[in-house]
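Enquirer: I have a structure here, written as C-alpha cells, and I will follow up with some questions on it.
Just so it is clear, none of the values below were taken in a lab; they were calculated from the coordinates. Just so it is clear, the model here is predicted, and its values are computed rather than measured. For neighbour counting, all protein chains shown are included, and Cβ atoms are generated from backbone atoms with ideal geometry for every residue, glycine included.
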Amino acid sequence: MPSPLENQKTLVATMIKLEQSWDLNAVFALHTLYFTHTLLPASIGGPPRNNAEARKHCEDLKPTWKDYKITKKSEVHDAEARTAALHTLTVAETTAGHFEVEAMWLLHFNEDGTKLKGLEQLVDSTAVAELFAMLEAQNAWRRRGVCRWYFGCVPVDWSGGIVKLNFGPGPLVSDERISTLTFLLTSMHGHTRTTLASHLRISVSDPEDCNLAG
C-alpha cells in the first residue's frame, strides 16, 4: 500500500497533467469537498475561492487557451505537514496572444495524500495583469464588432470584412510572413484577393470566428 508521501507525489504528477489538458471534471475530482484555491497576490487573485467558485473561474478562462504547457522546475514535499511546494513555468498560446508566467504552488493534502484540501498560488502579477488586459481589450473590440487575434507578435483586427495587420513602429514584416498569413486567411475563408498598402489589408469572406489560430 502506497504511503501518504507516495500518494502526494502521484497526485502532483496527475494534477499537472490534468491542468495542462484543462479537463475540469478530472481536475476537480482531485479535490476534497471543502477545497479552497487562493491566487496571490490578492490584487490579482482576489479572495480565496471554494470548489464551486474555482470551477466557475476555470470555466470562464478555458476558452482562452489554445495551447497550455506547465513545466515543473522544482518540487518539495513535507510528509508530516501534508504539504508540497512547486515552482513552475507555464507557457501558453491564448486567443489574445502569447503568455508565460512563473508561479509558486503550496498544496495541502488530506491525511492519506489522495486528495487536495487547498492550493495557494503566487504568480508573476505583471504577466497575469497583462494577460487580463489583453483579454479585456479583445472583449472590448468584439463588443464594437472588431475581432482581434495575433499572427506571431503582430496583432490582427477584423472589422467590416477587412483584416488589418497593426504593424506599428518597428522593423518591417518579412515577405515570407506576409505570404504565410495570406495563405492562412485564404485557406480559412476561401478568398484569394489581397491588397498591400501602408498596412496590409486582406479582404475575407464573412468570418464567423474571432478565435482564429495565429
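Enquirer: I want the local charge near ALA92. Using Cβ-Cβ distances under 9 Å, sum +1 for each Lys or Arg and -1 for each Asp or Glu among the other residues.
Expert: After counting each charged neighbour, the total is -1.
Enquirer: Something else: Between LEU33 and LEU61, what is 0.36 nm times their sequence separation minus the Cα-Cα distance? Round to one decimal in nm.
Expert: Extending this stretch completely gives an extra 7.9 nm.
Enquirer: Just to be sure I understand the model, the point goes 7 Å from the Cα along the line to the Cβ. What's the resulting ASN25 to HIS98 distance in nm?
Expert: Once both label points are built, they end up 3.5 nm from each other.
Enquirer: What is the sum of charges around GLY46, taking Lys and Arg as +1, Asp and Glu as -1, for the other residues whose C-beta is under 15 Å from the C-beta of GLY46? Spell out each step's value before the answer.
Expert: Details: positive: ARG49, LYS56; negative: GLU53, ASP60, GLU120.
Result for the local shell: -1.
Enquirer: Once you've got the Cα coordinates, tell me which of LYS9/LYS117; LYS9/LYS72; LYS9/LYS56 are over 19 Å apart.
Expert: Too far apart for the 19 Å limit: LYS9/LYS56.
Enquirer: So what does log10 I(q)/I(0) come out to for the range 4-129 at q = 0.09, 0.22 Å⁻¹, using the Debye formula with one equal point on every Cα and no solvent?
Expert: Rounded to two decimals, the profile gives -0.23, -1.57.
Enquirer: Sum up the charges of everything whose Cβ sits under 13 Å from the Cβ of LEU5, counting Lys and Arg as +1 and Asp and Glu as -1, but leave LEU5 out.
Expert: Net charge in that neighbourhood comes out at -4.
Enquirer: Something else now. In whole Hz, with x marking every Gly and Pro, tabulate ³J(HN,Hα) for the range 105-115 from phi via Karplus 6.51 cos²θ - 1.76 cosθ + 1.60, θ = phi - 60°.
Expert: 10, 10, 9, 10, 10, 6, 4, 9, x, 9, 9
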